[in-house]
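The values are calculated or read from the model by the stated rules, or taken from the named source; none is laboratory data. Just so you know, these numbers come straight off a predicted model, no measurement behind them. For neighbour counting, all protein chains shown are included, and Cβ atoms are generated from backbone atoms with ideal geometry for every residue, glycine included. Note: accessible area is taken over every heavy atom of the protein model, side chains too, but ligands, DNA and RNA are not part of it. Shrake-Rupley method; radii C 1.70, N 1.55, O 1.52, S 1.80 Å.
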Amino acid sequence: MSEELLTEAQQTAAAEALVEVNGLKTYYDTGGLLGSQPVKAVDGVDFSIGRGETLGLVGESGCGKTTLGRTLVQLETATDGEVLFDGRDVTTLSGDELKKWRRDAQIVFQDPESSLNSRMTVGEIIREPLDVHGWPNFSVAVADPQGRSASLSGDGTLTRADEQADITVSIGGGSPTVDVRDTLPMDDSDVDASITERESSVAVSVSVTTAKSRLRRARVRELLETVGLREEHYYRYPHQFSGGQRQRVGIARALALEPEFVVLDEPVSALDVSVQAKVLNLLDDLQDRFGLTYLFIAHDLSVVRHICDRVAVMYLGHIMEIGETEELFRNPKNPYTYSLLSAIPDTDPSATRERVTLRGTPPSPRDPPSGCPFSTRCPVKIRPAEFEDVDEDIWEGIELLREILREREQRDRGLRERAKQLLGLETGFDDIHDVVEEVFTSEPTAGENQPADDGSEEMDDEQRLAAALSEVPPGVRTHVETAVELIEEDKEPQAHRLLTEEFESVCGKEPPEHHPVSETGRTSYCHRHRPEYDEPEPVFEHLLDQD
Amino acid sequence: MSMYSTALIDRSEPPLLTVENLQTSFFTDKETIRAVDAISFDVHRGETVGIVGESGSGKSVTARSIMGLIDSPGRVVGGSVRFRDGDTVERLAEQYPDRTIDIEALRTEHDVADCIERLLDQGVSPARLTGREESRAGIDPVELVREDVVTMRSLVEDGFTDQLGITEEDAFVVRDTDGGYVDTTRASEDAFRKLRGQGIAMIFQDPLTSLNPVYTVGNQIKEAIRLHQGLRGNAAHEEAIRLLEAVSIPDAHRRVGEYPHEFSGGMRQRAVIAMALACKPELLICDEPTTALDVTIQAQILELLTEIQAERDLSIVFITHDMGVIAEISDQVNVMYAGELVEKAPVDELFDAPKHPYTQGLLESIPGRHPEDDRLRTIEGDVPTPNEQPTFCRFAPRCPEAFDACEAVHPENVDVSEDAQTHTAACLLYPEELSTADTVDRHRSLGETRDADRGDHDE
């Protein structure tokens, strides 16, 4: 996107936000027998989307991006926080108000296979929202040069001041003239209007001569054409279409009620690249034509880079970084964004780029880390000052050991296991020596079948532990040894706590803040932006140089 | 060079896997779908060969044909897949002595020149025998043998010995002094069971389909270890833990006792890779192994595969629709379209200078190749179903460069290399140095020779 367009998008964003999200949280409370923790799918996000803007929302699966999208269109109930749509909080809407608002906010789902009813024809599918919402609900404006108050009878309702009217009745000598909005599938002649003028008011009676069902059919045909399908597709079934065409049907359905805001939930993820390009072009055209505002959810970063004005990067229910697309892609500030971008396969095989490969998978949103959500995987996590110089591999080992302890503590145990543990039959941790050995000795070669080192069989646990920790500096070793002793005494939580106290830094202890990181208002959620620490980028470079 | 590939590939050795004119069709009441239509490629030891194409292009069917996993109504109808792994050949030759051809024995029993004479008498065209233009009269069998144009090996490989009745038609193991091969297209189901896993292993897109939900992951890996390495009890358990550690699953001691549903998507795929490694394969076929995974996890898996490849000198056939993944992991790339191989090139060359209009279009439609463009470039139309004899270019209806001859002449793979590397494309625009009329003639005559070559396959 060119500089010019960027600043333009910025200005509109600053000038007028269509959607504003403040402190939004969506938890799934599974309840359950033992009153478990809720799943914190969206855990406090703030952002806004300007009118006519496309905001991209990216992240790994399970990070809460789909939940966030669904909460914005009120398919999920927000646990806390507000979603302002044109300044109005829609999380509190209900009944008729909510139904009316839904016309303005629509969603396109990822999988056209499952989001289209296979027993309905394409025409019926696209027509369904029209039927449900009783479309067309004509809004009538009365243009009276004398500015008298108007009352209306017959089809339609009077417009509010800020709305665009479907039918405009102009009064001025003799019979009134009628003007129908261009986008409706009917002519001026399809509307009969009569007026009764009084001193201070005008009574207008409007009747539409075309049947609603005919109008709806006409509207569906028009929509089919809008999304690049043909009129004769009206009577076909979804299975007769290819993936790309089905996604077009989904888009037509979302557009049927002329929404202002559309959530696109991975609309092209299931499509081949050549089909994907066509659908992306279509979405682009539709935005220009109807002035739509998009929230574009995707995990494919190259698609996001192409279509979005701004991007929000999500991880475990939090927005890690949000800002202008091109700037964010060129110069990511947040360690997670940096790692995510580094993982995209490059279509240029000659590029020699160093890659940051993240270890492990995101933690469960049921029990997120207490500090920064990314702290369990962050390659540039801040270390406590006294361990600044510990060797990279050994530090990695400590992190891994803590991760294993944490995971074992969290895991769901079957009833049998729990009973066994209560009876003292199983400690759940009788292999701590194996674990320490695995964590601190350099990786076993994924190679040929080397029988386990002959000597190791004869070594007892103490010796194995000593051997595994031989390289570890004493300052670290004492803590690990104490932890092992605690575990042997079945005091796993204490051992875990000990390691956390000794080795945890600010990253795992307190949540970071959203620091502004550029002049365009980009923010990043990371402790490293605080003045007392090094910025993430040089640390990454240092890390990659070592490899 | 792609980001990961560091291993040196010895191309002077015969390739580990040779796929030649492989043809797989699906027979339905309505039509015959030629899902894989005469494709050929090689895989060398330690090499990663990528197969890329859109859905419906036949990439998965290719993989399944190599593995013998084509179910009715599908059938491998022609071509051969030769797997040249010494151990596998010996193992299978021992188990199937009746279905093994010993070329050395044939050489002592039969005279090659004599065989040629008999074949010529049976009406086999000299061109088919020698692979070069030759007339019936000017041909001297003794001369051909002395010049090594025709050998016993080549007679066996081309199926002529079957025709002469000196070998069994259902033989699929071929032994020779310098190693032999197994022709998997002829192997029986029980022989395949011995070949799969040990020899050729496969990883699928969805790891859950390869894992049994009611057994622990460790159990399933141990099963593979028991079947293929003969280890039992504690030794198998230890080996399973070691394999899980080898595929970088943390806390393998606990994980080995967990069920597939307790694993995350990336970890499941790792477990499947561990199962494949338990069989110690020479060739690993990966059918979209990272498509269902997030990019960060995809990066982990790609890295893991590269490590394993370097350590074990493993050959990999990597199938995906993602051009980015192909660029990162492959050494050699095959582009498939509607059942045919339309372009074949080393990875750098394919991305630098794609020749076939389809490859060009595919690369162009990736977002980000032309950041200055507001609109993405697209390919008009959809992938057709290959249900006819290829007497024309299947891409012609969508091709921006198509001309009249494209509808009438089938393009053959021709050399389009810019330097010494092998780069071929099946398009009437090439070879570039010839005039259009000449290239059309070239493709037509190549097609005729090929049809003659395959005479016995094309019914």
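The table for this structure:
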item: Single residue of region A:502-529 satisfying the filter (open to solvent by 60 Å² or more (accessible area, probe 1.4 Å) and in a loop (DSSP other than H, G, I, E, B)) that is farthest from A:F374 (Cα to Cα); result: A:E519
item: A:L152 being over 22 Å from A:A256 (Cα atoms) and either surrounded by 19 or more Cβ atoms within 10 Å (Cβ to Cβ) or of a type outside the set (D, E, K, R) (or both); result: yes
item: Verdict on A:A270 being of a type in the set (A, V, I, L, M, F, W, C) and either in a helix (DSSP H, G or I) or out of contact with any Phe, Trp or Tyr (no Cβ under 9 Å at 6 or more places or on another chain) (or both); result: yes
item: Which numbered condition B:Q360 fails, given (1) open to solvent by 40 Å² or more (accessible area, probe 1.4 Å); (2) more than 10 Å from chain A (Cβ to nearest Cβ); (3) in contact (Cβ under 8 Å) with a residue 60 or more places away in the chain; result: (3)
item: Residue match in region B:344-354 (condition: in contact with a strand residue (DSSP E or B) (Cβ under 6 Å, 6 or more places away or on another chain) and facing chain A (nearest Cβ under 7 Å)); result: yes
item: Verdict on B:G78 being under 30 Å from B:G165 (Cβ atoms), at pLDDT below 90 and not in a helix (DSSP H, G or I); result: yes
item: Yes/no for B:T424 being of a type in the set (S, T, Y), within 16 Å of B:T359 (Cα to Cα) and under 24 Å from the mean Cα position of the chain (by Cα); result: yes
item: Only one of B:T291, B:T320 that is among the hydroxyl-bearing types (S, T, Y) and under 25 Å from B:P390 (Cβ atoms); result: B:T320
item: Residue check for A:V273: within 14 Å of chain B (Cβ to nearest Cβ) and modelled with pLDDT of 95 or more; result: no
item: Residue match in region B:364-375 (condition: part of a helix (DSSP H, G or I), of a type outside the set (S, T, Y) and in contact with a helix residue (DSSP H, G or I) (Cβ under 9 Å, 6 or more places away or on another chain)); result: yes
item: Unmet requirement for A:P379, which otherwise passes all of (1) within 12 Å of chain B (Cβ to nearest Cβ); (2) in a helix (DSSP H, G or I); result: (2)
item: The lone exception for A:V202 - which of (1) open to solvent by 50 Å² or more (accessible area, probe 1.4 Å); (2) over 28 Å from A:V132 (Cα atoms) it fails; result: (1)
item: Options B:R99, B:R84, B:R91; residue that is open to solvent by 10 Å² or more (accessible area, probe 1.4 Å), within 24 Å of B:G180 (Cβ to Cβ), in contact (Cβ under 8 Å) with a residue 24 or more places away in the chain and within 14 Å of the chain's Cα centre (by Cα); result: B:R84
item: Looking only at region A:269-284, and only at residues there that are in contact with a Gly (Cβ under 9 Å, 6 or more places away or on another chain) and open to solvent by 10 Å² or more (accessible area, probe 1.4 Å), the one that is farthest from A:F85 (Cα to Cα); result: A:D272
item: Within region B:17-65, tally of residues that are of a type in the set (S, T, Y), assigned to a helix (DSSP H, G or I) and open to solvent by less than 40 Å² (accessible area, probe 1.4 Å); result: 2
item: Lone unmet requirement of (1) in a loop (DSSP other than H, G, I, E, B); (2) surrounded by 20 or more Cβ atoms within 10 Å (Cβ to Cβ) for B:G257; result: (2)
item: Region A:281-290, residues that are within 11 Å of chain B (Cβ to nearest Cβ) and closer than 25 Å to A:Q74 by Cα; result: A:L283, A:D284
item: Residue selected from region B:230-254 under the condition within 11 Å of chain A (Cβ to nearest Cβ), touching a residue at least 12 places away in the same chain (Cβ under 8 Å) and out of contact with any Asp or Glu (no Cβ under 7 Å at 6 or more places or on another chain), by the criterion surrounded by the most Cβ atoms within 10 Å (Cβ to Cβ); result: B:L243
item: Residue among A:L465, A:L499 that is at pLDDT 80 or above, in a helix (DSSP H, G or I) and surrounded by 14 or more Cβ atoms within 10 Å (Cβ to Cβ); result: A:L499
item: Some residue of region A:73-89 being within 27 Å of A:Q276 (Cα to Cα) and either part of a helix (DSSP H, G or I) or more than 12 Å from the chain's Cα centre (by Cα) (or both); result: yes
item: Qualifying residues in region B:311-328 (those that are open to solvent by 10 Å² or more (accessible area, probe 1.4 Å) and under 29 Å from B:R84 (Cα atoms)) - the one nearest to the other protein chains (Cβ to nearest Cβ); result: B:E311
item: Any hit, region B:194-216, residues being open to solvent by 60 Å² or more (accessible area, probe 1.4 Å), basic (K, R) and over 14 Å from B:C279 (Cβ atoms); result: no
item: In region B:329-340, the residues that are in a strand (DSSP E or B) and within 14 Å of another protein chain (Cβ to nearest Cβ); result: B:Q332, B:V333, B:V335, B:M336, B:Y337
item: Subset tally (residues that are under 16 Å from B:A327 (Cβ atoms) and facing chain A (nearest Cβ under 7 Å)) for region B:299-310; result: 2
item: Region B:260-287, subset more than 30 Å from B:R82 (Cβ to Cβ) and at the interface with another protein chain (Cβ under 10 Å from one of its Cβ atoms), residue surrounded by the fewest Cβ atoms within 10 Å (Cβ to Cβ); result: B:E262
item: The lone exception for B:E343 - which of (1) outside any loop (DSSP other than H, G, I, E, B); (2) over 27 Å from B:V49 (Cβ atoms) it fails; result: (2)
item: Top-ranked residue in region B:364-380 [being surrounded by fewer than 18 Cβ atoms within 10 Å (Cβ to Cβ) and within 30 Å of the chain's Cα centre (by Cα); ranked as nearest to the other protein chains (Cβ to nearest Cβ)]; result: B:R369
item: Strands (runs of 3 or more DSSP E) wholly inside region A:177-267 containing at least 3 residues that are in contact (Cβ under 8 Å) with a residue 40 or more places away in the chain and in contact with a strand residue (DSSP E or B) (Cβ under 7 Å, 6 or more places away or on another chain); result: A:201-208, A:261-265
